[in-house]
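Below: one structure, written as structure tokens.
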Amino acid sequence: MTIAENYETIRNRVSAACARAGRSPEEITIVAVSKTTGIAAIREAFRAGVRNFGENRVQDAEEKLCGLLDIRPAFTFHMIGRLQTNKAGLAVKLFDVFQSVDSVKLARALNERSRRQVPVLLEVNVSGEESKGGLKPDEVAAAAREIAPLERLRLEGLMTVAPIVSDPEMVRPFFRKLRRLRDELGLRHLSMGMTDDFEVAIEEGATIVRIGRAIFGEQ
Ligand SMILES: *Cc1c(COP(=O)(O)O)cnc(C)c1O
């Protein structure tokens, strides 16, 4: 299957999940996670209509962007991985959206180093797995209160990475929990759902899904 075919399949599956949930596919932004691919695959996806890409490392993003300058204004790069505070200055030059802000310290660093308004999402560890990054659910409200006044950041929502399970139904409670938190905070976006579980995430209210393998293939 080509990237274009994969992307079409994903769009159809997004539409079907929306139909089941009584939602419109226009509510959903598909972020194609290109972290395991290179410039050629990103270009191919771009030609197929993909306009949002996810990367998890500053260095990789920098290298890829150097080869994509001609189309750069026409797509957005989403930071979806762990970011060290000392790389905030470079990162704000490369990324359009920060989905994985997991501390007030990082938010402050991004705010300090940015020259423009930066949309950010707070990453929440809803499953409590030790290996995962993200704020604990009971830390999110306090972090949001501290981040809200930062003048160059726009806090737009919450993001989570669900545990790896055999049956996507098993992660539904985690998506529900993130949605409840988002509703309590009155935020707009809910970034949840990946290749194995995005349909359940859409049924539970996701507005952003982050799809890697199902678009670019297993690497
Ligand atoms: C890799 C990654 C994805 C995409 O995962 P797939 O299972 O390949 O769709 C989404 N979100 C984050 C944070 C990732 O690191």
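Name the shape class, rounded, prolate or oblate, that the alpha-carbon gyration tensor gives for the chain, where a ≥ b ≥ c are the square roots of its eigenvalues, rounded holds for a/c under 1.5, and otherwise prolate holds if a/b is larger than b/c and oblate otherwise.
Since a/c reaches 1.5 but b/c is at least a/b, the shape of the chain is classed as oblate.
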Show that you can apply the helix-only estimate: for the chain, add -39,500 (n - 2.57) for every DSSP H stretch of four or more residues, divide by all residues, and state [θ] at 222 nm to the nearest 500. -11500 deg cm²/dmol
May I ask you to compute the full-extension gain from E218 to R180, defined as 0.36 nm times their residue separation minus their alpha-carbon distance, rounded to one decimal in nm? 10.4 nm
Cut-off of 10 Å, at most 15 other beta carbons, DSSP loop: longest stretch of the chain lacking such GluC sites (Glu not before Pro): 1-128
Counting sequence-distant residues (5 or more places) and residues on other chains, those with an amide H built under 5 Å from that of L155 are V120
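So what's the net charge close to T85: Lys and Arg +1, Asp and Glu -1, counting the other residues with Cβ under 9 Å from its Cβ? Numbers along the way, then the final one.
On the way: positive: K87, K105, R108; negative: none.
Net charge around T85: +3.
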Among L121, L90, which comes first, second and so on when ranked by fewest other beta-carbon atoms within 10 Å? L90, L121
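Gain in length, I71 to R116, computed as 0.36 nm per residue apart minus the alpha-carbon separation, to one decimal in nm? Present the calculation step by step, with values, prior to reporting the outcome.
Numbers: separation 45, 0.36 × 45 = 16.20 nm, distance 2.05 nm.
Difference between extended and current length: 14.1 nm.
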Debye, to nearest 20: dipole size of the chain, +1 on Lys, Arg Cβ, -1 on Asp, Glu Cβ: 660 debye
Scoring the range 101-219 by relative contact order with C-alpha pairs under 8 Å, at least six apart, yields a percentage of 21 percent
Could you work out how far the C-alpha centroid of the range 2-34 sits from that of the range 78-131, in angstrom? 26 Å
Residue pairs, from the table K87/K177; K87/K132; K64/K87; K132/K177; K105/K132, whose Cα atoms sit over 24 Å apart: K87/K177
Can you sort I164, I80, I28 so the residue with the fewest Cβ neighbours within 10 Å comes first? I164, I28, I80
Could you tell me the calculated FRET efficiency between T2 and E146, based on Cβ-Cβ distance and R0 = 35 angstrom, to the nearest 0.05? 0.15
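For the range 96-175, which trypsin sites (Lys or Arg not before Pro) are in a loop by DSSP, counting at most 12 other Cβ atoms within 10 Å? Intermediate values should be presented prior to the final figure.
Numbers: sites: K105, R108, R113, R115, R116, K132, R145, R152, R154; in loops: R115, R116, K132, R152.
Filter output for the range 96-175: R115, R116.
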Quick one: go through the range 145-172 and flag any residue whose amide nitrogen is under 13 Å from the point 7 Å out along the Cα-to-Cβ line of R188. 154-158
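All of the numbers you see were taken from the coordinates with simple rules; none came from a lab. As the structure is a prediction and not an experimental result, all values here were calculated from the model. As a convention, Cβ positions derive from the backbone with ideal geometry for all residues, glycine included, and neighbour counts pool all protein chains shown.
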